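Report on the structure given below.
The values are calculated or read from the model by the stated rules, or taken from the named source; none is laboratory data. Computed from a predicted model, the values in this text were never measured in an experiment. Counting neighbours? That spans all protein chains shown, and the Cβs are built from the backbone with ideal geometry, glycine included. These area figures cover heavy atoms from the full protein model, side chains too; ligands, DNA and RNA do not enter into them. Shrake-Rupley method; radii C 1.70, N 1.55, O 1.52, S 1.80 Å.
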Amino acid sequence: MRTVNNSRRLQIANYVKQKGEASVQELSEYFAVSPLTVRRDLTALEEQKLLLRYHGGAKALVQSDTANDNGNYEFDLTSVPRVEEKKRIGEKACEFLKNDDIIFMNSGSTVLFFQEAIRDKHVTVVTNNARAPFCSKHPGVEILSLGGNYMERSKSYVGEITVNTIGGIYSNCTILGVKALDPERGMTTWNYQECGVNAAMIGHTRGMVILLADHSKIGKVSNYVSSSLDKIDLIITDSGCDPEAIAAFREKGVEVIVV
C-alpha cells in the first residue's frame, strides 16, 4: 500500500504541476479515489514542499519541481537568476572540503549549487534549507535537515528548535549564502530569525566560514546583521563583482576568490 500511495502522490504532484492547479473533486475523479484520500495525499505533498494546498484543492509551486528516474523530486535550479555565476561559485567552494566533513549550510539558492557540485567525497550537509533534499546530489552526500519554524519566503527552517539543534553539532566547515554583503556593514539579511541560524552555524564551526555571494549581493545592506567580517574566513564571488569592493574586503583581512 505504501508503494501505491507514493506512486499516486507522485502522479498527483505531476498532474497539479502540469495544470497549475486542481480541485479535490477533479483529482478524486481522475485518480478514482475518495476525496478524503486526495486530501490526505495533498497534505503529505504540501509537507514535502511539492505543492500548495488551498480550501478545496491545490496549486503548483512557483519553482519547478521534477521527478527523476527513481521517482524522487528534485528542485530545478535552472530557473534562478545568475545560474552560471552560482555554478562557478559552488564548484570553487567544494575545493575546501575534506572527506567525512560535517558542513553547515544555510538557506538560499547559491548554496544549493554548492551541494550539487560536491563529488568524490563523503560529507554530511547539515542545513536549514528546505529545498536541499529536493536538489540533486551525489551518493556520498548525506543531508541532515534541521527542523524548526518553516519560512515560506526563504524556504528555510528557523527559530529556537533550529538553533538548539545546531548547538549540539560542531561542523568542520560552514558554507553560507548571503542576501547582502558590504565591506563596512558585513553580512546582513531581511529576516531576523535567519540571523540567529547563521550566527549559530558560525559559532559552532571548527574550520573555515565561507560566504558564497554572486556580484548582485555585494555592496548591499539589508535590515539585520548576520555576521561581522571578522568572523568570516573567505568570500567566493564572480567576476562581475566591483573590484573596489573586493579590495575593501581584503583590506579588512578577508580572503576573496573571484571565479
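With an 8 Å cut-off on Cα pairs and a minimum separation of 6 or more residues, tell me the relative contact order of region 120-259 in percent.
Relative CO of region 120-259 lands at 19 percent.
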- Query: Considering only protein heavy atoms, what is the solvent-accessible area of Lys217 at a probe of 1.4 Å, reported in Å² to the nearest 10?
  - Reply: 40 Å²
- Query: How much solvent-accessible surface does Glu85 expose, in Å² to the nearest 10, with a 1.4 Å probe and all protein chains in place?
  - Reply: 40 Å²
- Which label marks the calculated value of Cα Rg over 2.2 N^0.38 Å, given the options (1) 1.09; (2) 1.66; (3) 0.93? (1)
- Task: Sum up the charges of everything whose Cβ sits under 14 Å from the Cβ of Ser145, counting Lys and Arg as +1 and Asp and Glu as -1, but leave Ser145 out.
- Result: +2
- Message: I need the calculated FRET efficiency for the pair Ile143 and Arg185, taking r as the beta carbon distance and R₀ as 30 Å, to the nearest 0.05.
- Response: 0.40
- Cα lying deepest toward the dipole's positive end in the chain, options Thr189, Ile175, Leu10, charges on Cβ: Leu10
- Message: At 7 Å along Cα-to-Cβ for each site, give me the label-to-label distance between Asn14 and Ala44 in nm.
- Response: 1.7 nm
- So how exposed is Ser23, as accessible area in Å² (1.4 Å probe, rounded to 10)? 40 Å²
- Message: What distance in nm lies between label points placed 7 Å from Cα along the C-beta direction at Lys59 and Val221?
- Response: 3.7 nm
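When DSSP beta bridges are limited to those with both residues in the chain, what percentage is antiparallel, rounded to the nearest 5?
So the antiparallel bridges in the chain amount to around 40 percent.
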